[in-house]
1. Quick check for you: with a 1.4 Å probe and neighbouring chains kept, what is the accessible area per residue of the chain, in Å²?
2. Please build a GNM for the chain, connecting alpha carbons under 10 Å apart, and tell me which residue among 67, 26, 37 fluctuates the most.
3. So for segment 12-126, averaging the separation of alpha carbon pairs under 8 Å that are six or more residues apart and normalising by length, what relative contact order in percent results?
4. So which lysines can residue 41 reach, going by Cα to Cα under 30 Å and dropping same-chain residues fewer than 8 places off?
5. Relative to the longest principal axis of the chain, what angle (0 to 90°, nearest 10) does the C-alpha long axis of helix 108-122 take?
6. For P(r) over Cα pairs in 5 Å bins from 0, in percent, which listed value, (i) 2, 9, 13, 16, 15, 12, 10, 8, 6, 4, 2, 2, 1, 1, 0; (ii) 2, 10, 17, 20, 21, 15, 9, 4, 1, 0; (iii) 2, 12, 24, 25, 22, 12, 3, 0, comes from the coordinates shown?
7. Please calculate the 1.4 Å probe accessible area of residue 31, with all protein chains present, and give it to the nearest 10 Å².
8. Cα gyration tensor of segment 53-126, axes a ≥ b ≥ c as square roots of the eigenvalues: rounded (a/c below 1.5), prolate (a/b > b/c) or oblate?
Amino acid sequence: MIRFEHVTKRYPDGTTAVDDLSFEVSQGELVTLVGPSGCGKTTTMKMVNRLIEPTEGRIFLDGDDISAIDPVELRRRIGYVIQQVGLFPHKTVLENTATVPHLLGWKRAKGRERAAELLDLVGLDP
């Protein structure tokens, strides 16, 4: 479960990228953030794994406040695939998706199998 409680991200220049966002995603739910360029979708996702810290509010993962979790441990706990520059250009989509399981020490076959399941879930070719 991921829960946002009154999360805001305001930059030093005064730009507000996310303003008082509250929502919850239950385990097993698939959620898509949709909106025009610059509306805060990427900022919201980067706050979940602490690549960007919120200015206000709290974010919870399975009931734990993510601000109290080491960012590296948090990222390995939730897994994620960054778009564009964060991808490894020498790896396939499947290999990029299996990066976090690999870092967690999963056997290669298990990580690739789980990555393939997730790619199938969202309709991407491995």
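1. On the way: 8510 Å² over 126 residues.
So the chain comes to 68 Å² accessible per residue, rounded to a whole number.
2. 37
3. On the way: 68 pairs, mean separation 16.8, N = 115.
Relative contact order, segment 12-126: 15 percent.
4. 9, 91
5. The helix 108-122 is inclined about 60 degrees to the chain.
6. Entry (ii).
7. 80
8. Details: a/c = 2.07, a/b = 1.78, b/c = 1.16.
Prolate shape, in that a/c is at least 1.5 and a/b is the bigger ratio.
The values are calculated or read from the model by the stated rules, or taken from the named source; none is laboratory data. Just so we're clear, the structure is a prediction, and the values are computed from it rather than from any experiment. These area figures cover heavy atoms from the full protein model, side chains too; ligands, DNA and RNA do not enter into them. Shrake-Rupley method; radii C 1.70, N 1.55, O 1.52, S 1.80 Å.
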